[in-house]
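To start, the structure itself, in structure tokens.
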Amino acid sequence: MNLFRRKSVTELQTEALTDHSLKRALGAMNLTMLGIGAIIGTGIFVLTGTVAAVNAGPAVVLSFAIAGVASIFAALCYAEFASLVPMAGSAYTYGYATLGEFIAWIIGWDLVLEYALGAVTVAIGWSGYVVSFLHDVGVDVPCALAGARGTVVQCMDGTQATALFNLPAVVIIALVTTLLVVGIKESANVNNVIVFIKVGVVLLFILFAAQAINADNWKPFIPENTGDPQHYGFSGVMAGAAVVFFAYIGFDAVSTAAQESKNPQRDMPIGIIGSLLICTVLYIIVSAIATGVVPYKELNVPDPIAVVADRAGMGWMASLIKMGAIAGLSSVILVMLLGQSRVFWTMSKDGLLPPVVSRIHPKFQTPWITSIVTGVGVAIFSALLTVREAASLVSIGTLLAFVIVSIGILVLRVREPNLPRTFKTPIVWFVAPAGALSAGWLMISLPWGTWERLLIWFGIGLVIYFAYGVRRSKLAQR
């Protein structure tokens, strides 16, 4: 039993060229929009205020910059892999080509945490914004159908009720799943419209709120530490970076669309790096404006951007901000579900999951079985879980993927240095270790409870692998 058998890069490249089961319909613009669609969401509309108030003060801009740099290291490694091995499996496939099947299974199982639970977390947040927006226009969702089962929900009339399940979260998952089954081009077009809306809202906020900045609110830029390493000082800035890293989750999902890209060798690096750079700049500008308009200690609220807009005399923009948040979260859900279904599809084609998972719809040319299975699973959990329960594992899953991809690119440079690479990670012997170390450091910053749940999840994955995948793998049949 060879747990570390590998698929050769040449074999993967041949497969990518000859496998036309998925429709190649995406260009560089579509891929960049997918990346922006995945990245801009909870981070800009919620975490900006929370991290400023609790961890970093006005230096939240440094927290976003540090998390962005850590992500860029990994993004450069992803870009080389995605152009070299343009397959739908993302980090799972890259691990298969460099570190072997067992590591590939671990990373594939790990990606479930990032994509599926990421979609669950965002769907719950989407539900809250939609319920609030509908109330503004005179439509009230029954509060018993607007929260995790068994939780006490605050109704719009001031009363409280015990929730049965989160209906809006189920509705958005069902709509997005249907869209993904219908076609990748249709999904990309809808995502493009959503991205234009939410980026437009962010730019409007920047344009008008910047006029209300009071530079005194930025003093002190790094508040003195209170004795708790998480609370202000430089240690608070770093703790904030670990938290806002969640805001950058999603750019790697662009790589799962590699087999649906028209020219992946050229377009994948543009989509991955371009979307990350655009979002990093927007995050830094928005966080600087937010702490310049409102004293940072007043930003620990569920809707900090709306609070800043109101303080800046932009009360007219409150509904627009909610629309931007709804749009932003919708596109995150779309890209997360797209990524998860493509990873499962690739694992099934490799024999590690049942073959039914890799069936392609004869008309739509999409992995419809895995899209529906993923959608149903995510809908169930988003209906029953709270945000805290769902979000705890998302960041650690992504960080582990970053560590493995960063190490994998070095392994491939040593093992096959002469492969023709249309995109090469610059200063790879600095960038790749920096990507692995920064992601590893952020993992260590997460609480032990998150590690415990990760180990339990991996335990379940190992049972499935040794009971099914290890013997049914296509490499094992050779």
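Readers should treat all values here as calculations from the given coordinates under stated rules, not as data from a laboratory. All of these numbers come straight from a predicted model, not from anything done at the bench. Backbone-built Cβ (ideal geometry, glycine too); neighbour counts: all protein chains shown.
For helix 428-445, report the angle its Cα long axis makes with the longest principal axis of the Cα atoms of the chain; keep it between 0 and 90° and round to the nearest 10°.
60
What does the charge add up to near THR370, with Lys and Arg as +1, Asp and Glu as -1, over the other residues with Cβ less than 15 Å from its Cβ?
On the way: positive: ARG342, LYS349, ARG359; negative: GLU260, ASP350.
Residues close to THR370 contribute a combined charge of +1.
Nearest 10 degrees, 0 to 90: what angle lies between the long axis of helix 60-84 and the longest principal axis of the chain (Cα atoms)?
Rounded to the nearest ten degrees, it is 20.
How high is the relative contact order of the chain, in percent, counting Cα pairs under 8 Å that sit 6 or more residues apart? Spell out each step's value before the answer.
Working: 918 pairs, mean separation 158.5, N = 478.
Normalised by residue count, the contact order of the chain is 33 percent.
Once R0 is set to 22 Å, what does the formula 1/(1 + (r/R0)^6) return for the Cβ-Cβ distance between ARG415 and THR14, expressed as a FRET efficiency to the nearest 0.05?
Numbers: r = 18 Å, r/R0 = 0.82.
It comes out at approximately 0.75.
Within the chain, which cysteines find no other Cys whose Cβ is under 4.7 angstrom from their own?
CYS77, CYS279, each lacking another Cys Cβ under 4.7 Å.
Calculated from the structure, semi-axes √(5λ) of the Cα gyration tensor in Å equals which of (1) 45, 28, 18; (2) 36, 26, 21; (3) 33, 29, 21?
Among (1) 45, 28, 18; (2) 36, 26, 21; (3) 33, 29, 21, the one calculated here is (2).
Which whole-Hz couplings ³J(HN,Hα) result when phi for each residue of the stretch 246-252 is put into the Karplus expression 6.51 cos²θ - 1.76 cosθ + 1.60, θ = phi - 60°, listed in order with x for Gly and Pro?
Values, residue by residue: 3, 5, 9, 4, x, 4, 5 Hz.
So if the hydrodynamic radius of the stretch 1-143 is defined as the Kirkwood radius over C-alpha pairs, what does Stokes-Einstein give as its diffusion coefficient at 37 °C and 0.692 mPa s, in µm² per second?
Values: Rh = 18.7 Å.
Calculated translational D: 176 µm²/s.
In square nanometres and to one decimal, what's the mean projected area of the convex hull around the Cα atoms of the stretch 418-478?
Working: hull surface 29.3 nm².
The orientation-averaged projected area of the Cα hull of the stretch 418-478 comes to 7.3 nm².
Apply the Karplus parameterisation 6.51 cos²θ - 1.76 cosθ + 1.60, with θ equal to phi minus 60°, to every residue of the stretch 338-347 and state each ³J(HN,Hα) to the nearest whole Hz, in sequence, with x for glycine and proline.
For the stretch 338-347, the Karplus curve yields 4, x, 5, 5, 6, 5, 4, 4, 5, 4 Hz.
With each label point set 7 Å from Cα along the Cα-Cβ vector, what nm distance links ASP228 and LYS262?
So the two model labels end up 5.2 nm from each other.
On a full-extension model of 0.36 nm per residue, what is the gain between ILE206 and VAL69, subtracting their alpha-carbon distance, rounded to one decimal in nm?
Details: separation 137, 0.36 × 137 = 49.32 nm, distance 2.24 nm.
Taking ILE206 through VAL69 to full extension adds about 47.1 nm, to one decimal.
Could you state the angle between the C-alpha long axis of helix 368-384 and the longest principal axis of the C-alpha atoms of the chain, as a value from 0 to 90 degrees rounded to the nearest 10?
For helix 368-384, the angle is close to 30 degrees.
Which values of log₁₀ I(q)/I(0), to two decimal places, follow from the Debye formula for the stretch 184-299 at q = 0.09, 0.16, 0.23 Å⁻¹ with a uniform point scatterer at every Cα?
Taken in order of the listed q values, log10 I(q)/I(0) reads -0.37, -0.92, -1.35.
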